[in-house]
1. What number comes out for the charge environment of A:Ala154, summing +1 per Lys or Arg and -1 per Asp or Glu over other residues with Cβ under 14 Å away?
2. Along the positive direction of the dipole of the protein assembly as shown (beta-carbon charges: Lys, Arg +1; Asp, Glu -1; about the Cα centre), which of B:Ala35, A:Gly578, A:Tyr465 reaches farthest?
3. Once the Cβ-Cβ distance between A:Thr334 and B:Lys7 is put in as r, and R0 is 51 Å, what FRET efficiency do you end up with, to the nearest 0.05?
4. For region A:115-123, take each phi angle, set θ = phi - 60°, evaluate the Karplus expression 6.51 cos²θ - 1.76 cosθ + 1.60, and give the result in whole Hz per residue in order, putting x for glycine and proline.
5. Apply the Karplus curve 6.51 cos²θ - 1.76 cosθ + 1.60, θ = phi - 60°, to the phi angles in region B:59-76 and return the couplings in whole Hz, x for Gly and Pro.
6. Hey, could you grab the Kirkwood Rh for region A:402-528? Inverse mean 1/r over distinct alpha carbon pairs, Å, one decimal.
7. Net charge around A:Ala315, counting only other residues with Cβ within less than 14 Å of its Cβ (Lys, Arg = +1; Asp, Glu = -1)?
8. Could you name the lysines whose alpha carbon sits less than 19 Å from that of A:Lys443, not counting residues in the same chain fewer than 8 places away?
Amino acid sequence: MTGLTVSPSVPRKRRSNWQLLMANRLAAAGLFLFGFIALLAILAPVLPLPNPDITDQPNRLLPPLSDGHLLGTDHLGRDILARLIWGTQISLIVGISATALAAIFGSLIGLVAGYMRGATDTVLMRFVDMLMAFPYILLAIAIVAALGPGLLNALYAIAIVNIPFFARNIRGVTVSVRNREFVEAARLSGKSHPAILFTEVLPNVLPVIVITMSTTVGWMILETAGLSFLGLGAQPPTADLGSMLGQARAQLFTAPHASIIPGVMIFALVMSINLLGDGVRDVLDPRLRSGALDRPMAVTKIRRKAKPAPTIENAPSLVVEHLTTGFDDGGHLTPAVKGISFRLDKGECLGLIGESGSGKSVTALSLMGLVASPPGLITDGAVYIDGRDVLGLREQELIALRGARVSYVFQDPLTTLHPLYRVGEQVAEAILAHQAVGKSAAKTRAIALMETVGIRDAAERSRAYPHELSGGQRQRIGIAMALANDPDIIIADEPTTALDVTVQARILDLLQNLRRERGLALLLITHDFGVVAQVCDRVAVMKNGEIVEQGVTDTILRDPQHDYTKRLIACVPELGEGQRFLARVRPLFEEAGA
Amino acid sequence: MTAYIGKRLLAAIPVIIGLSIIVFLVMKLIPGDPAQALLGSYATPENVERINRALGLDRSWPEQYVIWVGNLLHGDFGRSYILNRPVLDEVLERFSATLILAGAALLICSVLGILAGIVSAVRQFGWTDRIVTFFVLIGISMPAFFLGLVFILFFAVRWRLLPASGMYAVYGGGDLPDLVNHLILPAGTLAIVATGVVARLTRAAMLEVLRQDFIRTARAKGLKEGVVIYRHAFRAALVSVIPVIGIQAGFVLGGAVYIETVFQWPGLGQMLVKAVSTRDLLLVQGGVLVAATVYVLVNLLADVAQAMLDPRLKA
């Protein structure tokens, strides 16, 4: 537990974007390197450098560290250091100008297309698509071929082939901005289209333009250097980094330093810009900060303060003791489930009820270590299945229990089934994971299971993909999958919430019948007391990560003790109640300040 | 599936027409009067008019375009006056060499990039991930034309492991091992940037997929982690990686220009660079058009492959 602070109510201080950027060591290094190179390039006229164009035949191809030539001389005896710094200046100017040109024209196309929509949009974007249909550098070469080799023409060519990136990005943002209220207001106030575009839309699109520039400028420097390397860009005596490398290539074997020095400079320049660009993007993309893109592990991370007893005697199917789960957000633990305990007997149905965010789903997922981790972290408690603490098991042992002794049915069956596999295969896979049977036997059994859960023409339907089935059928597949290995316990996490009301009733009936026939224990997670009343023997009410009340369903429905339970029960509308429902429920929540 | 392929083929036709219009327009960018340039000091007004009529340049642009496309469809891409042979013959011959180079590079970048991306995502923030991320960063920042020179210096000159240039050995070459031997350095260099991009996007796609609900379902079924990663997560991630590989085909075809120049590979890119400096515009025009058309077809292939993997896309 070292380094973890539990402070649910105190939000951490948000750091400024600049601090975040500097905290990223690579980005800071990129900024430093780029700043240094840019400074050298800017200071080129005042630095004590020899004239980069003065040739000196007797002193040609001097190695680095020669007297008076720190980096040696090239094939015409010119000082490489001087040429390098002046060449860097040219490469930077050309690369940045090309970026600016592409940004101006690309953004203009994107703004107009996104704002006007209709035919203008179609024509402009088709044109942009055509530009993108060329292999990247070949179009630039065709343009240089037509205009003739030269630095300025290379600059134009690179700018043109990069227009599509800007046009597409900017159009996307413009489309979403144009429908916002302030644009509508400006239109109603009688502003002209150009005025709206430049005073209302452009300021909101500007950040995207800046981000696109920062991510493409390194690439454009690289490509202009490439054209110069091929002899299509800078023409002698002007030299950018690319043409220095191109000219030195002829002496590659005798004087490799003349090639390597400008090459390393291009690399350093582009890498520093890329590091910086990645850093900027990371800072601006909130998803990367929240850990939402971290890879979840096979089993939730478990770091318990105390080791509970590994086994207990005479236990029912499931015993949960003091379970505590939270989300570790970089050293800061946000609790979601706070030390809850409950038990589930063989063949019993327990309802776990609460509003969204009350911790009931996290509870359900914690039982088999399925809370995504990072950031999920189980910090305390035990989960006994058949008297054995599963949180103390080795990873492989826990995985072997999943779907075999304890299986799950999840909420939205469209997102919980794999979209690319036939449903029959997915059911068969669950069988094959735990039983030593052949593939065709598994398939036959999968079809039988599908029939059990009430899917007609199961053999034919087993060949369907999830998107080809209705919501109710998909949930039946989910249940068939859960039944595949005759589990003792099914944990159903809001199994009917994503379904139509009539389908809901049928799925609940199905779960109820299966439970009776097979003696299954069912843990039903829901926010609907109507469902609890219909199905559950006992109920536990959850609020803010704690169980506030639990007991036999009938008793609790008749005589709820906790205030929150009363309100949840009141939320079940009665038939024919009509408008009175709201009048009845509203005051309950007003007093509670909810 | 056949219907889907047919539909995609039909959709490719306007794109190819668009390509030809852009190539046509680019050639109209040429400053000055082509007849004047061609005639030089013989450019009397009568001669200019005669040449313009002979080349069809006195007609309107749309007319010129239609005539030009008509010729293209008959396989007439014009004649290179520098090489004194039909443009199409030269382009096809050169392009076959480029296809070998670009195809090898595309194969390398797909296999290595996907593998590196998966490993990097599965071992996120571990050492393997850091090493992959480091090489990806170097790969996408490294000028390929410079890296090629460095490779020649070490692998060909210093260690004498591989040939520095050409497609076949001058004496006694010409068989497959000889070709592969010559292919390793240029294809490896060409693949570097693309490998970095593919690895980066595979990693991102895997991390995105590993967060999906159906992965949680796979875990809840009790599947082993290896099955979850490769059968469930990778299969879904591949759907978004395939178009990326299609786009890389364009970068590899374009990047071949540098690599062929550095390694003296007798392909289309080397031809284009020479043609630009000798102002052999018909050759440039033909080369760019053929490469662009092939690129469109490769992307069509990527679309079809994607639809084969994802049944939702076929509808």
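Taken together, the values in this text are just the output of simple stated rules run on the coordinates, not laboratory data. Just so it is clear, the model here is predicted, and its values are computed rather than measured. Note that each Cβ is placed from the backbone with ideal geometry, even for glycine, and that neighbours are counted across all protein chains shown.
1. Result for the neighbourhood of A:Ala154: -2.
2. The one lying farthest along the dipole's positive direction is A:Gly578.
3. 0.55
4. 7, 7, 6, x, 5, 4, 4, 4, 5
5. Result, ordered by residue: 7, 6, 4, x, 4, 4, 5, 5, 4, 4, 5, x, 5, 4, 5, 8, x, 9 Hz.
6. 14.3
7. -3
8. B:Lys221
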